[in-house]
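Comments concern the structure below.
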Protein chains: 2
Amino acid sequence: MTKQEYNNQVNKALEYFKKANIVLTENEKNNVEVADFGLGKVNDIGLQLVVYINTDRVCAKEMVLLPYQTCAEHMHVPTNGQAGKEETFRCRYGKCYLYVSGEGNKEDIQGYIPPSDVSVFHEVVLNPGEQYTIMPETWHWFQAGPEGAVISEFSTRSTDETDVFTDKRLVRQTVIED
Amino acid sequence: MTKQEYNNQVNKALEYFKKANIVLTENEKNNVEVADFGLGKVNDIGLQLVVYINTDRVCAKEMVLLPYQTCAEHMHVPTNGQAGKEETFRCRYGKCYLYVSGEGNKEDIQGYIPPSDVSVFHEVVLNPGEQYTIMPETWHWFQAGPEGAVISEFSTRSTDETDVFTDKRLVRQTVIED
């Protein structure tokens, strides 16, 4: 992704934070993170976020999903002797479709086919003010509705580098080309 | 505190959540918690809050402080074999004056005299979008400015029942009279 594409995504995210009435400091605005998971189609598979805090014990983030943008199927595994990451998603704006392994149907859901062997997913629809907690080592993926979504995440420590993606092409680190 | 006084505080808190553009579910609105710390002067020493989540590992809350309302000096100690609570306060609306043991001055600060033997406090002023992390076993207290404050808290598990207040008259459980 080029520097200009990256900045475009950041600016889109800032518009959503504004719509959701999330107040950010100038420093946070200048450090919005864009994840394209290495696929080069960030508006399909991607995510924009601001990490508020990430200590050994606690993490809090604010995430933006553009319309129909998807965060691909993954799970959080034990890291550095601690249990995998536990996370609660709370929708602040728009609509978030969250799919968690469990009861449900693995058919093509809204254009994204989860690649794992998990046979069934449970759909959770999050409207503003609604939330859901995902326990460690649980396959999940999520997608915004037509208006996009702003989602707060409250969790244990984020260790993105050990996240397991089902699609092995995916990487968490975004590469910015000159 | 009477049921009517309790409901009045809840309604005031709901106005602040609205000002801060915090979207709550009907269930959350019906379960806003009011803490008067047993002193019967909730508008001076008190707090209103909604607990989003409180698992063994993670807690997230939204707190309202009315104008100049103070959450009295306390600390979080180890509980059930886990280290004391670590918490990050993020101001969403208004202004929060946070006092944390460390450098500073223990004089009468804005009408509240912290009762502990801690000789010095460090003042942290939080405007919307600003945050501060309080490590376990650290004396702290906080107060809203003239416009009140709405504050998000991201933390490890809340174990209010083991919080240590310097003023031993204080209790965390609010008693509602008929």
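The values are calculated or read from the model by the stated rules, or taken from the named source; none is laboratory data. Owing to the predicted nature of the structure, the values given are computational and were not obtained by experimental measurement. We place every Cβ from the backbone using ideal geometry, glycine too, and count neighbours over all the protein chains shown. For accessibility, only protein heavy atoms count, side chains too; no ligands or nucleic acids. Shrake-Rupley method; radii C 1.70, N 1.55, O 1.52, S 1.80 Å.
Tell me the per residue accessible area of chain A using a 1.4 Å probe; a whole number in Å² is fine.
The answer is 44 Å² per residue.
Can you list the residues of the range A:147-166 whose accessible area drops by at least 20 Å² going from the chain on its own to the full set of protein chains, with a 1.4 Å probe?
A:Phe154, A:Thr156
In chain A, what percent of the accessible surface is made up of carbon and sulfur (1.4 Å probe, ligands and nucleic acids excluded)?
Here carbon and sulfur together make up 47 percent of the probe-accessible area.
Helix-only mean residue ellipticity at 222 nm, chain B, DSSP H runs n ≥ 4 weighted -39,500 (n - 2.57), per residue, nearest 500. What is it?
-3500 deg cm²/dmol
What's the longest uninterrupted piece of chain B once you rule out the trypsin sites (Lys or Arg not before Pro) that are loop residues per DSSP with at most 11 other Cβ within 10 Å?
Longest stretch, sites excluded: B:42-167.
Between chains A and B, what is the buried accessible area summed over both chains (1.4 Å probe, protein heavy atoms, nearest 100 Å²)?
Buried area (both sides, nearest 100 Å²): 2300 Å².
Can you list the distances in nanometres, one decimal and ascending, from the B:Arg157 label point to the identical position in each other copy, with the point 7 Å along Cα to Cβ?
Ordered by distance, the counterparts are at 1.8 nm.
What residues have an amide H closer than 5 Å to that of A:Tyr68, excluding those fewer than 5 places away on the same chain, when H is modeled at 1.01 Å from N in the peptide plane?
Distant-sequence amide H within range of A:Tyr68: A:Ala144, A:Gly145, A:Gly148.
Which residue fluctuates the most in chain B, going by a Gaussian network model with Cα springs under 10 Å, if the choices are B:Asp36, B:Asp163, B:Asp56?
Judging by the Gaussian network model, the answer is B:Asp56.
List the relative contact order of chain B as a percent without decimals, with contacts defined as Cα pairs under 8 Å and 6+ residues apart.
Reported relative contact order: 31 percent.
Please check the range B:11-30 for residues whose accessible area, probe 1.4 Å, is lower by 30 Å² or more when all protein chains are in place than in their chain alone.
With the partner chains in place, the range B:11-30 has these residues losing at least 30 Å²: B:Asn21, B:Val23, B:Thr25.
Quick check: the distance between the Cα centres of the range B:41-66 and the range B:25-40, to the nearest angstrom?
If you average the Cα positions of each part, the centres end up 8 Å apart.
Between A:Asn54 and B:Asp178, how high is the FRET efficiency from 1/(1 + (r/R0)^6) when r is the Cβ-Cβ distance and R₀ = 51 Å? Nearest 0.05.
Plugging the Cβ-Cβ distance into 1/(1 + (r/R0)^6) gives 0.65.
Could you tell me which residue in chain A puts its beta carbon nearest the axis mapping A onto B, with the distance rounded to whole Å?
Here the nearest residue and distance are A:Asn21, 2.
For chain A, set up a GNM with springs between Cα atoms under 10 Å and report which of A:Thr55, A:Thr156, A:Thr133 has the largest fluctuation.
Of A:Thr55, A:Thr156, A:Thr133, the Gaussian network model singles out A:Thr55 as fluctuating most.
Taking the label point 7 Å from Cα in the Cβ direction, how far apart in nm is A:Lys3 from each other copy of itself, listed shortest first?
6.6
Based on the Cβ-Cβ distance from B:Thr25 to A:Asn31, what FRET efficiency comes out when R0 is 22 Å, to the nearest 0.05?
Calculated transfer efficiency: 0.10.
Simple spin-label model, 7 Å along Cα-to-Cβ: A:Lys18 to A:His122 in nm?
Going by the 7 Å Cα→Cβ label model, 3.9 nm.
What is chain A by shape, rounded, prolate or oblate, if you read a ≥ b ≥ c off the alpha carbon gyration tensor as root eigenvalues and call it rounded for a/c under 1.5, prolate for a/b larger than b/c, and oblate otherwise?
Because its axes are fairly even, with a/c under 1.5, chain A counts as rounded.
Amide H to amide H, which residues 5 or more places from A:Glu130 or on other chains are under 5 Å from it, using H placed in the peptide plane?
A:Cys91
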